[in-house]
Amino acid sequence: MQVKSSFTPSWGVRLQFLLAGVVLTLFMRYVWRFSLANGDEFFFAGLKNTAQIGSYSLATLNDFLHFLWFEHTGRTADFLSTFVYYFGFDAGKWIVSALTGFSVSLIAFSLYRSWLVFSPSRMLPKSSGWVALTVSLFALFSPAVLNTAYISNLLVYSAAICNYLVFVALLTYAWSLSLTASSLNSWLVPAGLVFVVGTSHEQASLSVITLVFLAFVFRFSTSSKLGLAVFAGAGLVGSALMLGSPGLANKLGRASAALNHQQGLISKATNSLYALAAQYHLLPVFILVVGLVSLLLISKHQLARGISVSGPFYAAVAFALLAAATLSIPLASGVGQVRVFHYPLILGALAGGYAYYLGAVVLCAGQRSSLGTKILILVFCVLAVFGAFRTYNSQVRNFPLGEVQLLEQIDSCPIEDCMLVDLTGLPVHHGFSGYGEHDYAHTGYMTLWLESK
């Protein structure tokens, strides 16, 4: 138990992450002022057009959650998407902004904590906290530099924040805790986390299965067998609930009609990888190269000190394998929509940045970081800032024209709730995800949305 405290970041570092979460929350809340919404916001807020937004009974909510589990997707992440708007649109925009800000903060905290685990003196350079934040922001925002559809499909899209970013943060924290858990009690929190993450989303469930398998293999001889079994059992049960949910079966049944089952697995994987490259260009290659270089650095510094590479290698490779596990679904199905790459891109970027700093700085006991290390971290920072700016800019540019069109639709509606028509001529077309032809995306909800700035 004495060792456990040495892996705990100081209160000063914790405060740094907390303040970063607050700042990012305020930034995202300002960005949400210019959101033109999308169909899913209205779907979850109005319980599929069956309830008054911000004012419905718990029985009505229970019926909707039952529908989500048994008919819609089977994802508990959709439960969170519903709870976001329980108090209405204004509160919902604050909640989703806080979920974004503090998810990034938790990810950064987890990276910092895991670097502390492998730091020879249990001390890290003073800038390590900022580097952890930089890597986390890079993972979140860098895809927006190359693809504005990423913005409307994750960064300013509450259901996607709830499906992807929140559970990446919880998974990353569980991974961090799994590196040091030893007694039964120390495994209980990560066990609870992997259970929740496993139930959230089918891609997340595969990453949980990967994590518990790797933890069982690499921690078996250095940890409580019972604690490890609880951790593995919780993750597997949660994942089984997700993968076996009736809602997922219905979702797959609906999707199968649109897929070409005559394609072979190699052809499907090729199509999916082509879509990834077409949408994000060299970003996946950059992440892969950083990861490979990082593993060489880890090996170099560990072997030079005559220390086993198993611990740092396990931590870095496990993180990368979580990303690979989530990529297996689009590769096996051949799909190439932007959102199927959210998990592998975020986790892959975190894996690369984490491993690079681990190999280049943390394991270099008493050595100064090289110019190359500083330059690459600066690249992470520049891409993160540029992606954040592009996120902000896309919404600000689209909002004036979009608002005019929406107000025209509202004013011309002969009844209270006319179905919304997708906007046209926006400056950043892919910065807006659309409403779809659904009766729950109507002018009544949009009126409330625009009033909730």
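The values are calculated or read from the model by the stated rules, or taken from the named source; none is laboratory data. This is a predicted model, so every value here is computed, not measured. Heads up, the Cβs are rebuilt from the backbone with ideal geometry, glycines too, and the neighbour counts pull from every protein chain shown. These area figures cover heavy atoms from the full protein model, side chains too; ligands, DNA and RNA do not enter into them. Shrake-Rupley method; radii C 1.70, N 1.55, O 1.52, S 1.80 Å.
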Scan of the range 145-195 for residues that are touching a Phe, Trp or Tyr at 6+ places or on another chain (Cβ under 6 Å), open to solvent by 20 Å² or more (accessible area, probe 1.4 Å) and over 30 Å from PRO427 (Cα atoms), ordered by number: THR180
Criterion violated by LEU19 - all others in (1) open to solvent by 60 Å² or more (accessible area, probe 1.4 Å); (2) in contact with a helix residue (DSSP H, G or I) (Cβ under 8 Å, 6 or more places away or on another chain); (3) part of a helix (DSSP H, G or I) satisfied: (2)
Residue satisfying all of: in the range 47-74; out of contact with any helix residue (DSSP H, G or I) (no Cβ under 6 Å at 6 or more places or on another chain) and part of a loop (DSSP other than H, G, I, E, B); surrounded by the fewest Cβ atoms within 10 Å (Cβ to Cβ) among these: SER57
Cross-chain or 6+ apart pairs with Cβ under 8 Å, the range 201-217 first and within 17 Å of TYR164 (Cα to Cα), then hydroxyl-bearing (Ser, Thr, Tyr) and open to solvent by 10 Å² or more (accessible area, probe 1.4 Å): HIS201/TYR164; SER205/THR199; LEU206/SER328
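Is it fair to say LYS453 is basic (Lys, Arg), in contact (Cβ under 8 Å) with a residue 60 or more places away in the chain and out of contact with any Gly (no Cβ under 8 Å at 6 or more places or on another chain)?
Answer is yes for this residue.
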From the options GLY372, GLY425, residue that is open to solvent by 20 Å² or more (accessible area, probe 1.4 Å) and either over 29 Å from ARG29 (Cβ atoms) or in contact with a strand residue (DSSP E or B) (Cβ under 6 Å, 6 or more places away or on another chain) (or both): GLY372
Filter pass, SER142 being at pLDDT 95 or above, touching a Ser or Thr at 6+ places or on another chain (Cβ under 8 Å) and hydroxyl-bearing (Ser, Thr, Tyr): no
Test: residue in the range 180-199 that is among the polar types (S, T, N, Q), at pLDDT 95 or above and within 18 Å of THR100 (Cα to Cα): no
Filtered residues of the range 89-139 (kept if modelled with pLDDT of 95 or more and part of a loop (DSSP other than H, G, I, E, B)): none
